[in-house]
Amino acid sequence: MGGITSNINAGLTTQLANWNDEKSQGVIFGSDVRFILPNHAIRCPSASWIKLERWNALTDEEKQKFPPICPDFVIELLSPSDSLKVTQEKMREYIDNGVRLGILINRKSRQVEIYRPGKEVEVLDSPVTVSGEDVLKGFVLNLGMIW
């Protein structure tokens, strides 16, 4: 990951963490964690959130290693070296494994793809903000720093 992508990832994670500090409803993760999904794939989203009750159901040992859990919410920031097709497949995999809301940010095309279980992917052109909807009530992701 390059410097610009890393800096943007940090900003996205910070926004999520600031919202969570007020709500205390879950646990935030940056891009350095590896989750073991129910299909046994190991994935590391750019930023993610897990509802507190689900996180607390894991053992201390599970929390110390690669947590065997799928986040409730993920953000993937497409870096210049990432394949859009591969990242879109990863987003569908997240949804298939339990993610309730996923956001794919493509800086090059200035588009955001929103993934939800049982629904078609929604594509937004250069949005200023994206809502956390009913998964992250009250969370609004400011994308001004992205574009």
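The values are calculated or read from the model by the stated rules, or taken from the named source; none is laboratory data. Not measured: the values here are computed from a predicted model. Positions of Cβ are backbone-derived with ideal geometry, glycine not excepted, and every protein chain shown enters the neighbour counts. Just so you know, the surface numbers come from the protein's heavy atoms only, side chains and all, with ligands and any DNA or RNA stripped out. Shrake-Rupley method; radii C 1.70, N 1.55, O 1.52, S 1.80 Å.
The alpha carbons of the range 102-147 occupy a box of 27, 23, 11 Å along the principal axes, longest dimension given first.
Here the Karplus curve 6.51 cos²θ - 1.76 cosθ + 1.60, taken at θ = phi - 60°, turns the phi angles of the range 89-97 into couplings of 5, 5, 5, 5, 5, 4, 4, 4, 9 Hz, with x standing for Gly and Pro. What is the sum of charges around residue 114, taking Lys and Arg as +1, Asp and Glu as -1, for the other residues whose C-beta is under 11 Å from the C-beta of residue 114? After counting each charged neighbour, the total is -2. Give the shape of the range 49-100 as rounded, prolate or oblate, defined through the alpha-carbon gyration tensor: a ≥ b ≥ c are the square roots of its eigenvalues, a/c under 1.5 means rounded, and otherwise the shape is prolate if a/b is larger than b/c and oblate if not. The shape class here is prolate. Which shape class applies to the range 1-60: rounded if a/c is under 1.5, otherwise prolate when a/b exceeds b/c and oblate if not, where a ≥ b ≥ c are the square roots of the Cα gyration tensor eigenvalues? Here the range 1-60 falls in the oblate category. Entry comment: accessible area of the range 13-147 is 52 Å² per residue, from protein heavy atoms only and a probe of 1.4 Å.
For the chain, the relative contact order is 17 percent, taking Cα pairs closer than 8 Å that sit 6 or more residues apart in sequence and dividing their mean separation by the residue count. The gain in end-to-end length when the residue 52 to residue 131 segment is fully stretched comes to 26.4 nm, 0.36 nm per residue minus the alpha carbon separation. Dividing the summed -39500 (n - 2.57) terms of all DSSP H runs of n ≥ 4 by the residue count of the chain sets its mean residue ellipticity at 222 nm at -9000 deg cm²/dmol. Relative to its residue count, the chain spans a Cα convex hull of 108 Å³ per residue. Within the chain, the longest segment free of exposed loop sites, counting trypsin sites (Lys or Arg not before Pro) that fall outside DSSP classes H, G, I, E and B and have at most 15 other Cβ atoms within 10 Å, spans 66-107.
Per atom type, the range 23-116 shows carbon and sulfur on 48% of its accessible surface, probed at 1.4 Å.
Cross-link reach is defined here as a Cα-Cα straight distance under 24 Å, omitting same-chain residues fewer than 8 places apart; for residue 51 the lysines meeting it are 23, 63, 65, 90, 119, 137.
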